[in-house]
Structures are given as C-alpha cells and as structure tokens.
Amino acid sequence: MKRSLILLVSHLAVLGAGAWYVRADHRPAEELQHAAATKTGERSGSRPTLESSAKRLADEAVASVKKELDGAVVRAAAGKLTPAEAEKLARALAADEKGFGPPPREELAAAFLAWFRQDRMATLDFLFEKGMEPGKDAVLKQLLAELSPQEHLKLVIDRPSSIYTFRIAQLLGTKLGELEPAEAAALMAEAQQGERSREILRGIAQGWPEGKADRYIDMALASGGNATALLQSFLGNLQSPRRACELLVAIKGRNDLPEDFMRKLEEQKEMVGHLYRYADPSVPLDERVEQMRNLAWLRDATPEKLREGALKQISTVDINELMKSGPDYRYAFRHGAMSAEEILEAVRKTFPELAAASDYETRVRVYNELASEDAGAAFALISHLPPEERNLAVIHQARWSFRDNSPETYYSMISLAPGPDSSEAAPQREDAWNNYGAMAYREYGDAYVEWLRTLPPGINRDVARSTFAKSMATQGKKDLADEFSSR
Amino acid sequence: MEPTKLRKALPWIGTHLLALAAGVWLFRPDAADSAAGNVEAEAVAATLEEQGAGPAERSGTGRPRTPREASAAGVHRLAWKSLAYEGLDRQERLKASGLILREWVKEDWQAALDTVMKETPDDYELLLHFDEVFRRDAGEVWSLIESKRYGVSSQSLKARWLVRISSLDETQRREAMEGLPAEAREAIEKREKQG
C-alpha cells in the first residue's frame, strides 16, 4: 500500500514536471487570469491572459502606431528610383491595402519623395487627392524636409489656397523656428507680401515649434517695425490657448518689447486671464491664479474667492487636457486596467502642485472625467463627501460633462444624486436636464423620446420630463409638450 | 546499479517516462491556449449576451456564429482589451484599435461592431472601419439598427450608416439599396435631401 502510494506520487510529480517544463517559458509571470472584456470601471486586478495570437495582434498594433518613418532610409531608397518608376510605385503603394499605414512605410514615402523631386505639384496633387490622414502627413513631412526654407515658402505661395496648403504653411513655421531669428524674420517679411499673407502667417504661427516662443519673440524683434503685428499674430492665431500662453510666459522679464505691443496687451486683460487659465502646468500655480484676476468675473474677488474660482477652472482645464493628450486613462478605466483611485494617483503625480493646493478639486475633476465611463465605479472618488457637497458635485459633473453621453449613461451619472434637492441643487439639476435633453433630442430624435417614456419614477424622471416638455413647447411640438408636462 | 536491480526498475523508469511525456503532451501551449481560447470565447459570448448585444431578435440579424468565428472574436477581443494596459495616448490607442478592427472586421464584423458600440460614443469614430461592411451588407446593418440592438445608440450607428450610403457613387448606392426595406430607402432619400 505504502509502495503504491509512493509510486502514484512519483508519477504525478513527473507528470507535473513535464507540464511545468513545457509551459515555463510560454507564459510570462505577469500573464494572469482573463476576465471577458466588459465595459466597467471595476479594476480587474490583472492584465488578461493573452493567447499568443492575441498578444501578437496587440503587439503588432502597438508597434505600428509607435513606428516613425526613418528619414535616412526614405532618402536612400528614393535615390534608387527613376522618376517614371517613382510615380508608378507611389500610385500603386498608396492604393494597396496597407496604404499610408499605420505602420508608415519607408518604401511608400521614398516613392513619393523621388516623384516629388521631379514634379512637386503633381506629387502633392495626388497626395491630397482623397483628403489627409496622419499617414499622409508623415509622408508630407518627408517631402518638405527636402526643401530649403526659401523653397518651402515659395511652395506655400504657389499652391492654391486650401487646408492642405495651410498645413504646408504650418510645417514652414516649424522650420522657421529652427532658424536664426534674422533669417526667419527675412522670410516672414516675404510671407507678408501678397493677398494670402494673413492665412500664411496664421499657419506659420500655428506650426511654430512648441517651447520656442522666446525664439518667435526674437524673430519678431528682428523684423523691425513689424514686431507688434507678428507678436499679436502669435497670440491671436494659435488654435491652442496653451500654446499662445507660451508667449505671455516668454515675455516676462523682457524689456526689449515694442511699447505699442505692451500697451495693447494692457488693454487685453480678458485675453491674458483666459490664456493663463490654459497655461502649461509648468507655470507656477500661484502665478496662474494671480493672472486670472485679469478676468472680469474675478477682478474684484477676495484672495480666497479668486483662488477658489481659479483652481476650479485650472483643475478642469489641466485634467481634461491630460485625458485628451496624455495616456488614455479613460480607456484603461473602461476596461478595468486602472481603478479610479489609481488614475487619481497618476493625476496627482502629474500635477503635484494642483493636488497639494486642492485635493477636493483634483478628486472631483477626475470623477468628472471618469463618470461617463462608469458612474458607479467613479463615484468611489467622491462618496466620502458630505451629502450636499456630493450631490452638487454629481449634478455639476452632469452639467459640464465634456463627452457625448448616451441617455443611459447620462441617467446613470446624474442618478448618483438621488435628491431631494436643496435650493442650490434644484436649479442646477433642471439646467442639466434642460441642456442634455435638447442635445439628446437633436442626436437621437424619437429614440430619445421613447427612452424618456421608460424612465422609472423619481426626481430625474420628473425633471427630465418637465424640462423636455418646455423645450417641446418652445419648438411648437404641442403633442410632446402635453404628454411630458403631465406626470 | 546491478544488472538485476536495473532490470527490475526498468518498467518503473518506463512508466515514469510515460508520465513525463503525458505531462508535456497534456499541457503543451497550443492545447492549453486552444482550451483557454474556447473558454474565453464562450465568456465573451456570454458577456455580450448578458449585456444585450447577443444575436438580435429579428430574422436576418443574428446569423449564428461558427465556432471558428467565436474563437477569433475571443482573440480580437483579448487584443482589444489589452490595449488598455499599454499606456498609449488616446490618438495612438484609437489607431491601434483601428488596426485590430481591420483584421476583426474581415473575420466577424458583427462581433467587431458589437465591441465598438459598447465603447463610449466619442470612440464611434472607429465606425469608419466598417465603411465596406456598411455598403456590402447594408441590409444586415439596417436590421441591426431597426432591432435597436444598441439601444438609443443605434441612432448613432444609423447616422453613420446613412452618411456612408449617401457618399457612394450612383451605381454603388443603387446596389447597396437593392433589397433594403422601404423605411431604409426613405431614410437614405431623406438624408440625401439634407445634403
């Protein structure tokens, strides 16, 4: 009996050893259990176990989107193509399934480059023929890298006015930012000739390299009498207020700026306050708060009220910007890769000054961003707040969500504030439903009306229906107004 | 070892070697993956059904999936979810999602569509990867819309489908509209009038 037991154990041990051996290098230690992907903010605790084919697919996708064109390879390959071959190859590769990527393809960029060297206009006409996309933009950059700044400017002037030519002007701006200020100023003077000068200057300002506003100022000063117009062009023409604010930060402490520019800036207090709201987070928080006093609604505020109002807006801007251009935290939250608390922690690390200044604002803004993904899971961030404060935070979030939310999602967010409402909360809830209902009716039409009919009893049903009824009455839709005005 | 003892031990050495081979065979990676894949595919299918994205009720919409398709859906779905762990920024992630969709749409566009429609509406730009499906399988797509498979969000799908059909040239549009029910044709005509 004892011997049989020993034999059984030893056989099982050997079988186990075989299994261990064969699996040991197949599955990395971090590959853990898999839960079927669900739309939830609940942290799944571990990365899903990936089948090798799934892992390969994901790895390839990530590598493809990270890949950048190797300029040296592109130029070398282009040098080997005859003009006739180049055009034929460019057309063929652009039309095949891989197209402009991702991943970007050196052979395709090389074919375009070789063609461009022979016939710039025909190449660009073909490149822009069916609109632009990121892959085409990568090719365009390779083509324009061939040109001297003078040739590049000539191309901008020679091309017909269009969004594509505007893009070429933006890339000229990137190039000018690398030149000596006097050289860039001479080209800017040339760019200001002709009928399309405003459009070209706008493009150049928008393409100016990030973090180099000081060089733009130097270039503007080198241009002589034109400096004020060029500096104002930078402030007014950048689509991004954060980028425009770089110039305000860069002029600090300088005493070589034209008087009329400084005088004009004095008259533009509202703009200055607005731009500092969007300033790069590397600008000290106290300075941003103080500069926001330029805004009319904060001009006479007490220091406490100024700080409170400014922090609310700065936290909204910074955290929203991070969610748009930083790591895709919302996707990570949606698929259980990160919990709300983990994202809050990442935000704190990104904005330590803000987090130290107001844990409340940081927390509530992160909640704001995540609630549309999974309201219940995001609620953990604010559940400890006193009831009235929490209700107001929830309703505020519903009023100022930056997302397109389906009615179901919207309802799940605003239902976290169950009512009854205080005198402060009630008009805000009404405003929230009023705005959302109008938007949802535009987007979903009758499907929204049908959905509204199915809402369960409660404060949100009452407010959603009454505000919708008013909206329908205003639009002259009497039947709907009558139906929804009754409870 | 003495020859007699060795002779006596030989059968046990043999059975132990067999056990070792059995361990290697039973737990070989592709077998385990295949089993895991099936479980995952089932789990995914179960999740989809739980969340109301199972086969639609109307005829013509809920084509039963073959086991191969279900397994492929599991692979693509796993890859899709794993992007959440990559630290990509939003634009990179959307591009990576698009690359996975490119393959997925070829294998099982309906499972791929279910997945996109379960993301938040600001990810619906990924629906451009269904342009070919919208044209080729216009009838099936219309059935999904009509069955309200994605709740109120079916309207968002409808809007994008209409844009796609309206953008086709005359011949392709006529082909796509063949066999569509009257409501679908009316919706397309209305969209075209709006420009």
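Annotations for the structure displayed:
- Of all residues in segment A:170-194, none that is in contact (Cβ under 8 Å) with a residue 60 or more places away in the chain has its Cβ atom under 7 Å from the Cβ atom of a residue that is assigned to a helix (DSSP H, G or I), 6 or more apart or on another chain.
- In segment B:121-147, the residue that is least open to solvent (accessible area, probe 1.4 Å) out of those that are within 11 Å of chain A (Cβ to nearest Cβ) and of a type in the set (A, V, I, L, M, F, W, C) is B:ILE145.
- Residue selected from segment A:55-101 under the condition within 14 Å of another protein chain (Cβ to nearest Cβ) and of a type in the set (A, V, I, L, M, F, W, C), by the criterion most open to solvent (accessible area, probe 1.4 Å): A:ALA63
Table: residues versus (1) open to solvent by 50 Å² or more (accessible area, probe 1.4 Å); (2) among the aromatic types (Phe, Trp, Tyr); (3) in contact with a Phe, Trp or Tyr (Cβ under 7 Å, 6 or more places away or on another chain).
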{"position": "A:ARG299", "(1), (2), (3)": "yes, no, no"}
{"position": "A:GLN313", "(1), (2), (3)": "yes, no, no"}
{"position": "A:ALA340", "(1), (2), (3)": "no, no, yes"}
{"position": "A:GLU361", "(1), (2), (3)": "no, no, no"}
{"position": "A:PRO386", "(1), (2), (3)": "yes, no, no"}
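- Helices (runs of 4 or more DSSP H) fully within segment B:79-193 that include at least 2 residues being of a type in the set (A, V, I, L, M): B:90-118, B:138-146, B:154-166, B:170-177.
- Test: A:ALA380 is more than 24 Å from A:CYS245 (Cα to Cα), surrounded by fewer than 24 Cβ atoms within 10 Å (Cβ to Cβ) and at pLDDT 95 or above: yes
- Answer from B:LEU162, B:LEU83, B:LEU99, B:LEU88 - the residue that is among the hydrophobic types (A, V, I, L, M, F, W, C) and in contact (Cβ under 8 Å) with a residue 24 or more places away in the chain: B:LEU162
- Flag: B:SER166 does not match the condition of being modelled with pLDDT of 95 or more and polar (S, T, N, Q).
- Selection status of A:ASP404, in a loop (DSSP other than H, G, I, E, B) and acidic (Asp, Glu): yes
- Residue within segment A:95-110 that is in contact (Cβ under 8 Å) with a residue 40 or more places away in the chain and in a helix (DSSP H, G or I) present: yes
- Qualifying residue in segment A:20-36 (condition: under 35 Å from the mean Cα position of the chain (by Cα), at pLDDT 70 or above, closer than 30 Å to A:HIS335 by Cα and open to solvent by less than 70 Å² (accessible area, probe 1.4 Å)): no
- Filtered residue count, segment A:345-371, keeping only those that are part of a loop (DSSP other than H, G, I, E, B) and under 18 Å from the mean Cα position of the chain (by Cα): 2
- Considering A:ALA398, A:ALA377, A:ALA393, the condition of being within 17 Å of A:TYR331 (Cβ to Cβ) and part of a helix (DSSP H, G or I) is satisfied by A:ALA377 alone.
- Selection status of A:GLU210, over 23 Å from A:ALA296 (Cα atoms), free of Cβ contacts under 8 Å to residues at least 60 places away in the same chain, surrounded by fewer than 20 Cβ atoms within 10 Å (Cβ to Cβ) and touching a Phe, Trp or Tyr at 6+ places or on another chain (Cβ under 7 Å): no
- Neighbours by Cβ (under 8 Å, 6+ apart or cross-chain): first from segment A:119-135, without any contact (Cβ under 8 Å) to a residue 40 or more places away in the chain; second among the basic types (Lys, Arg) and crowded, with 18+ Cβ neighbours inside 10 Å: A:MET121/A:ARG159; A:LEU127/A:LYS136; A:PHE128/A:LYS136; A:MET132/A:ARG167; A:PRO134/B:LYS95
- Residue satisfying all of: in segment A:145-167; among the aliphatic types (A, V, I, L, M) and in contact (Cβ under 8 Å) with a residue 12 or more places away in the chain; most open to solvent (accessible area, probe 1.4 Å) among these: A:ILE163
- Count of residues meeting criterion [in contact (Cβ under 8 Å) with a residue 24 or more places away in the chain and within 14 Å of chain A (Cβ to nearest Cβ)] in segment B:165-195: 3
- Scanning segment A:285-344 for residues that are out of contact with any helix residue (DSSP H, G or I) (no Cβ under 6 Å at 6 or more places or on another chain), outside any helix (DSSP H, G or I) and aliphatic (A, V, I, L, M) yields one hit, A:ALA301.
- Screening segment A:439-487 for residues that are among the aliphatic types (A, V, I, L, M) and away from every other protein chain (no Cβ under 14 Å) and picking the one that is most open to solvent (accessible area, probe 1.4 Å) gives A:ALA473.
- Among the residues making up segment A:168-201, those that are surrounded by fewer than 20 Cβ atoms within 10 Å (Cβ to Cβ), part of a helix (DSSP H, G or I) and charged (D, E, K, R) are A:GLU183, A:GLU190, A:ARG198, A:GLU199.
- Check on A:ALA205, in a helix (DSSP H, G or I), open to solvent by 20 Å² or more (accessible area, probe 1.4 Å) and over 30 Å from A:PRO83 (Cβ atoms): no
- For A:LEU416, the test of being more than 14 Å from chain B (Cβ to nearest Cβ), aliphatic (A, V, I, L, M), buried (at least 16 other Cβ atoms within 10 Å of the Cβ) and part of a helix (DSSP H, G or I) is failed.
- Residue in segment A:271-284 that is farthest from A:LEU235 (Cα to Cα), counting only those that are assigned to a helix (DSSP H, G or I) and open to solvent by 30 Å² or more (accessible area, probe 1.4 Å): A:ARG277
The values are calculated or read from the model by the stated rules, or taken from the named source; none is laboratory data. Quick caveat: nothing in here was measured; it's all calculated off a predicted structure. All Cβ positions, even for glycine, are placed from backbone atoms using ideal geometry, and neighbour counts span all protein chains on display. Only protein heavy atoms, including side chains, enter the accessible area calculation; ligands, DNA and RNA are left aside. Shrake-Rupley method; radii C 1.70, N 1.55, O 1.52, S 1.80 Å.
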